[in-house]
Amino acid sequence: MGRKKGNRYRLDSWSDFTQKTDLATWQRFMDIVGEDSTLPSKKQCIKALKHVHINIRDLIDATREDRQVPRFQSRRAVMEYTMRYKKFVSIDEIETGSPMASLLVTCI
């Protein structure tokens, strides 16, 4: 799934979700994060994902280990958790407008 590069995970086998893509891929991503995978448009998927607060590295690890992805109450909570436990991913690999980009939280 992800490869560690320094303190960041690389998203090799997640490339479908790190690039702009078709509705079917968005729906598959929705299923992976535990959301309604029958939404009829990318726009609706993006809207639904605004309320999904998960750490991308946890998503990758949970999928690999076949377990639930930990969820947070807010984007701020994800940011604090990400910074505290240094669970970053390489944002260079995530294209704006992709399913994975919808989960990104800026940690400043």
Counting each DSSP H run of 4 or more residues in the chain as -39500 (n - 2.57), what helix-only mean residue ellipticity at 222 nm follows after dividing by all residues, to the nearest 500 deg cm²/dmol? -10500 deg cm²/dmol
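Report the local net charge at residue 81: Lys and Arg +1, Asp and Glu -1, summed over other residues whose C-beta lies under 15 Å from its C-beta.
Cβ neighbours under 15 Å give a net charge of +4.
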Counting Lys +1, Arg +1, Asp -1, Glu -1, what net charge surrounds residue 21 among other residues with beta carbon under 12 Å of its beta carbon? 0
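How long are the semi-axes of the ellipsoid equivalent to the range 3-103, from square roots of 5 times the Cα gyration tensor eigenvalues, in whole Å, largest first?
Working: eigenvalues 86, 49, 32 Å².
Semi-axis lengths for the range 3-103 are 21, 16, 13 Å.
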Interchain or sequence-distant (5+) residues whose placed amide H lies within less than 5 Å of the amide H of residue 71 are none
What residues have an amide H closer than 5 Å to that of residue 89, excluding those fewer than 5 places away on the same chain, when H is modeled at 1.01 Å from N in the peptide plane? 9
Under 19 Å between C-alpha atoms, the lysine pairs in the chain lying 8 or more places apart or on different chains count 9
HN-Hα J in Hz across the range 40-54 - Karplus 6.51, -1.76, 1.60, θ = phi - 60°, x for Gly and Pro: x, 8, 4, 4, 5, 5, 4, 4, 5, 6, 5, 9, 9, 10, 9
Note the full-extension length gain between residue 67 and residue 44 as 0.36 nm times their separation in residues minus their Cα-Cα distance, in nm to one decimal. 5.7 nm
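Lys and Arg at +1, Asp and Glu at -1: add these up for the other residues within a Cβ distance under 15 Å of residue 97 and post the number. Write out the running numbers ahead of the final one.
Numbers: positive: 20, 42, 43, 47, 50; negative: 16, 22, 93, 95.
For residues surrounding residue 97, the net value is +1.
Values in this text are rule-based calculations from the coordinates and carry no lab data. Values in this document were obtained by computation on a predicted structure and should not be read as measured data. All Cβ positions, even for glycine, are placed from backbone atoms using ideal geometry, and neighbour counts span all protein chains on display.
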